[in-house]
1. How far is it, in nm, from the label point at residue 169 to the one at residue 156 when both lie 7 Å from their Cα along the line to the Cβ?
2. Taking N as the number of residues in the stretch 191-279, what is its alpha-carbon radius of gyration divided by 2.2 N^0.38 Å?
3. I need the trypsin sites (Lys or Arg not before Pro) found in the stretch 152-235, filtered to DSSP loop residues with at most 14 other beta carbons within 10 Å of theirs.
4. Once the Cβ-Cβ distance between residue 208 and residue 240 is put in as r, and R0 is 30 Å, what FRET efficiency do you end up with, to the nearest 0.05?
5. Bin all alpha-carbon pair distances of the stretch 125-284 at 5 Å intervals from 0 and give each bin's fraction as a whole percent.
Amino acid sequence: MSILAKQTWQSLFDDRLFGRAAELGFYFLFALFPTLFSASSILGLAAQSAAKFYDELLGYLALVIPTSALGTVLATFNETTAAATTGKLTFGLVAAVWSASVGISAIQDALNAVYKVQDTRTFLGARIYAIGLTIILTVIVTLILCAFLGGDYLAAVAYRSSYNHLLIVVAASIARLVGWIVATALLTLSFAVIYYCSPDVKVRCWHWLTPGGSIAALGWVLASLGLRIYLHFFDSYTLTYGSLGAVIILLTWFYISGFMLLFGAEVNSKIEAITAENRLAGTA
């Protein structure tokens, strides 16, 4: 364990994870609003007559995005939702997938550096691969939202029933808990998919659950909560950056997200390297 910790710590600097996380943070911000445009185009065709569903989705968004930056995100979301049309829906979907694939391409480059491999794919091949991975991750994110919504829907059904009050509360709590468990499993799955598909590793081995993926998912949730708590008590960004404070906070959150993603990959990479070394030593 000490060897793993020492090598991982050293690789944080050797592989420039802090700088690469800043790069990913920019690309995440670049992909955010086209993605919101696409989402709002879809929701705008139905959410105006389904306000409860609309509010619930925004509530889930508020679980992870820092509160200080949420206003800016929601303002853009509401502006594009109000002007949603079928034409914008088509354009928004294409723009969102393309913009998000740019971020995935940046993840590919960063993970190639982490795994010490040279990307042999052509530019077009790598971009097509990134677009495919973007679509897969979009499906997983949609399933995460469905898990939340499904848990809340079943809890609401339980509350509308005429059974014993205690049984209703227990059933509603179980429904929400199951929704959170499924959403957490899907979040971990998304990290596993990124780690498996992004680097141009020649020999791949699929794992539903990896140590790095678990650490990255847990670390991302805890870091997001930590940032929210810090901003609640010490929101100095607004004082320092003025009206740009919300954007700086959003970039900071994206930076943390990118770093946790790369850190999990670094842990997996070192575990695989140490395992390979031990296997070679055992056969020598």
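1. According to this spin-label approximation, the distance is 2.2 nm.
2. So the stretch 191-279 has a normalised radius of gyration of 1.41.
3. 202, 204
4. FRET efficiency, residue 208 to residue 240: 0.10.
5. Here the calculated profile for the stretch 125-284 is 2, 8, 11, 13, 14, 13, 13, 11, 7, 4, 2, 1, 0, 0.
Every number in this text was worked out from the coordinates using simple rules, so none of it is lab data. Keep in mind the model is a prediction, meaning the values are calculated, not measured. Don't worry about glycine lacking a Cβ; one is built from the backbone with ideal geometry, like all the others, and counts go over all protein chains shown.
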